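**Q** Let me begin by handing over the structure; questions about it come next.
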Amino acid sequence: MFAKETYINRRNQLKKAVGSGLLLFLGNEECGMNYEDNTYDFRQDSTFLYYFGLSYAGLAAVINIDTDETIIFGDEISIDHIVWMGTQPTLKEKSESVGVQKTLPSKQLSEYLVAAVKKSQPVRYLPTYRAEHKLKLQEWLGLSPSAQMPSIDFIKAVVNMRNYKSAEEIAEIEKACNITADMHIAAMKAVRIGMKEYEIAGVISNVALSSGGRLSFPTIATVNGQILHNHYHGNTIKEGDMFLIDAGAETVMGYAGDMSSTIPAGKKFSSRQKEIYDIQVASHQAAVEALRPGTYFKDVYNLSAKVICDGLKSLGLMKGDSEEAVQQGAHAMFFQCGLGHMMGLDVHDMENLGEVWVGYDGEPKSTQFGRKSLRLGRKLEPGFVLTIEPGIYFIPELIDMWKAEKKFAEFINYDKLEEYRDFGGLRNEEDFLITENGSRLLGKKIPLTTDEVEALR
């Protein structure tokens, strides 16, 4: 945890931002994998962590702005808990460590909320992402899941705090990024023809756990890079394959890193692989150079997409005006994902609170294929932490569909594209802090260019 003053100051700032009402924070419970006592690794709700810092299951909290009262609700552990898990601080000790003086048993939270509703006091809560949260709100507030309406004022206040990373948060994120870089470098060194994908996934997990952290999301380690979020690890790595890794570490405090790398299965890229890879790197580097306060991230995305189109034109895969191709969405034949996302206590920071607020400052997102996957479009500001991860992907099913429709035939050379339908996909990803004058790479540098990758191999 940070010092208790950090959490006190955050809660005070939140109270000023929202102004009135009762703010409800739902901590997470343990969650069984296949029966109740065989649980997944516990992960506290990120907003609860941000304002209360306590990574214990079974807690909830309220900030009653109208009465200037903050309460943590939970239950003391019994001797049965101690037998199985060892002793823990008392609820009072946990709460005092983050500057909260008042605690109450869990069962009294329902009574507290019912009393607030009877007084017509607004009870504000954030969007839920776990079934037990929806059931609790149904029980406490009498609202069916379909009738539950998160508070927009509460969401916006949280987003407007968590989007701007403090110096102590940046230091913690950098820890996660350094571990993440070590994970990638170890995996890039380990890949050999004939290995299984899961062997590399094991190398990645080992580095994360050995560094005192854990994975910030399920690892992608695949020879099928054209499948954007591929978590299957059963393939054998063959000569001529490219191997895509997308993996990140999370620190004990919950802060995330997120990086991607693509390497040849052998020692060197083939000439065809190198041509496509170099285009992706050019797009990546152009995006990085454009990062600065006052720039809209959607414009950085457009730039990265144009660089990809220009590069693919040089290979005969695309034609026509690149800027027009990007505007109309023809680039999405090859670049279906977004360019990057916010990162912090969540690897996709605050995604449960809504991309329209986190990444677009309330402005509507595009519905265009490819562009709609851009999680971040707003004007960049100092303190933002984000990823840069353009990719180039050849998806046979998409090729067949658009070719049959003659879609964007003025921009895409489908005859030439047929030669690449078995190419796969690739991306590289790095993490950046927006500074007062530009940006700064977070974490150790991992190999990016073909020369750097082949030197490591």
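The values are calculated or read from the model by the stated rules, or taken from the named source; none is laboratory data. Treat the numbers as computed from the prediction; the structure is a model and nothing was measured. Virtual Cβ from ideal backbone geometry, glycine too; neighbours counted across all protein chains shown. The area values use the complete protein model at the heavy-atom level, side chains included, leaving out ligands, DNA and RNA. Shrake-Rupley method; radii C 1.70, N 1.55, O 1.52, S 1.80 Å.
**Q** Can you compute log10 of I(q)/I(0) for segment 180-231 with the Debye formula, treating each Cα as one identical point scatterer, at q = 0.12, 0.30 Å⁻¹?
**A** -0.25, -1.27
**Q** With all protein chains present, how much of the accessible area of segment 307-364 (probe radius 1.4 Å) comes from carbon and sulfur, to the nearest whole percent?
**A** The value for segment 307-364 is 46 percent carbon and sulfur by accessible area.
**Q** Any aspartates and glutamates with Cα under 18 Å of the residue 238 Cα? List them, leaving off those in the same chain fewer than 8 positions away.
**A** The qualifying aspartates and glutamates are 197, 199, 422, 454.
**Q** Further question on the same structure: Using the beta-carbon distance between residue 436 and residue 129 and R0 = 22 Å, what value does 1/(1 + (r/R0)^6) give for FRET efficiency, to the nearest 0.05?
**A** Given R0 = 22 Å and the Cβ-Cβ separation, E is 0.05.
**Q** A further question follows. Apply 1/(1 + (r/R0)^6) to the Cβ-Cβ distance of residue 209 and residue 166, taking R0 = 22 Å, and write down the FRET efficiency to the nearest 0.05.
**A** Once the sixth-power term is evaluated, E becomes 0.20.
**Q** Send over the semi-axes of segment 349-437's equivalent ellipsoid, whole angstrom and largest first, taken as the square roots of 5 times the C-alpha gyration tensor eigenvalues.
**A** In descending order the semi-axes read 33, 17, 11 Å.
**Q** Same structure again: For segment 176-190, just list the computed ³J(HN,Hα) in residue order, Karplus coefficients 6.51, -1.76 and 1.60, θ = phi - 60°, integers in Hz, with x standing in for Gly and Pro.
**A** Once rounded to whole Hz, the list reads 4, 5, 5, 5, 4, 4, 4, 4, 5, 4, 4, 5, 4, 6, 7.
**Q** Between residue 78 and residue 190, what length comes free when the chain is fully extended (0.36 nm per residue of separation minus the Cα-Cα distance, one decimal in nm)?
**A** Residue separation times 0.36 nm, minus the Cα-Cα distance, leaves 35.7 nm.
**Q** Right, here's the next one. Taking just the C-alpha trace of segment 205-288, give me its Rg and Dmax in Å.
**A** Over segment 205-288's Cα set, Rg and Dmax evaluate to 14.7, 44 Å.
**Q** One quarter of the convex hull surface, Cα atoms only: what value does that give for segment 105-248 in nm²?
**A** 12.9 nm²
**Q** Another question, then. Which translational diffusion coefficient, to the nearest whole µm²/s, is obtained for the chain from the Stokes-Einstein equation, given a Kirkwood hydrodynamic radius over C-alpha pairs, 20 °C and 1.002 mPa s?
**A** Stokes-Einstein gives a translational diffusion coefficient of 90 µm²/s.
**Q** To continue, here is another question. Going Cα to Cα from residue 136, which lysines come in below 30 Å? Please leave out same-chain ones fewer than 8 positions away.
**A** 4, 15, 16, 92, 94, 102, 107, 118, 119, 156
**Q** Roughly how many Å² is the accessible area per residue of the chain, as a whole number, for a 1.4 Å probe?
**A** For the chain, the per-residue accessible area is 43 Å².
**Q** Does segment 302-450 come out rounded, prolate or oblate, given a ≥ b ≥ c as the square roots of the eigenvalues of its C-alpha gyration tensor, rounded meaning a/c under 1.5 and, failing that, prolate meaning a/b above b/c?
**A** prolate
**Q** Apply the Karplus parameterisation 6.51 cos²θ - 1.76 cosθ + 1.60, with θ equal to phi minus 60°, to every residue of segment 288-302 and state each ³J(HN,Hα) to the nearest whole Hz, in sequence, with x for glycine and proline.
**A** Per residue, the Karplus-derived 3J(HN,Hα) values read 4, 5, 8, 6, 6, x, x, 8, 7, 5, 5, 6, 5, 4, 4 Hz.
**Q** Quote to one decimal, in nm, the extra length available between residue 37 and residue 327 on full extension: 0.36 nm per residue of separation minus the C-alpha distance between them.
**A** Separation in residues times 0.36 nm, less the Cα-Cα distance, equals 99.2 nm.
**Q** Test of the criteria: in segment 189-256, which GluC sites (Glu not before Pro) are in a DSSP loop and have at most 11 other Cβ atoms within 10 angstrom of their Cβ?
**A** Here the GluC sites (Glu not before Pro) that fit, given the DSSP loop and packing criteria, are 239.
**Q** For the ranges 341-349, 228-236, 412-420, what's the packing order if you count other beta-carbon atoms within 10 Å of each residue, average per peptide, and put the highest first?
**A** Ranked from most to least packed, the peptides come out as 341-349, 412-420, 228-236.
**Q** Also, quick follow-up: Could you work out the helix-only [θ] at 222 nm for the chain, with each DSSP H run of four or more residues adding -39,500 (n - 2.57) and the total divided by the number of residues, to the nearest 500 deg cm²/dmol?
**A** The helix contribution divided over the chain gives -11500 deg cm²/dmol.
**Q** Follow-up. What is the percent of Cα-Cα separations in segment 18-72 that go past 17 Å?
**A** 45 percent
**Q** Using the Karplus equation 6.51 cos²θ - 1.76 cosθ + 1.60 (θ = phi - 60°), what ³J(HN,Hα) coupling, rounded to whole Hz, does each residue of segment 212-219 give in order, writing x for Gly and Pro?
**A** x, x, 7, 6, 8, 6, x, 5
**Q** On the protein heavy atoms, probe 1.4 angstrom, tell me the percent of accessible surface of segment 73-225 carried by carbon and sulfur.
**A** 58 percent
**Q** Cα centroid distance between segment 145-171 and segment 1-16, in Å?
**A** 14 Å
**Q** OK, next. Give me the percent of the accessible area of segment 408-457 that comes from carbon and sulfur atoms, probe 1.4 Å, all protein chains in place.
**A** 45 percent
**Q** From zero outward in steps of 5 Å, how is the percent of C-alpha pairs of segment 262-313 spread across the bins?
**A** Final binned percentages: 4, 21, 25, 17, 15, 10, 6, 3, 0.
**Q** Counting just the Cα atoms, what span does segment 20-150 cover along each of its three principal axes? Round to the nearest Å and put the largest first.
**A** That gives 44, 34, 24 Å along the principal axes, largest extent first.
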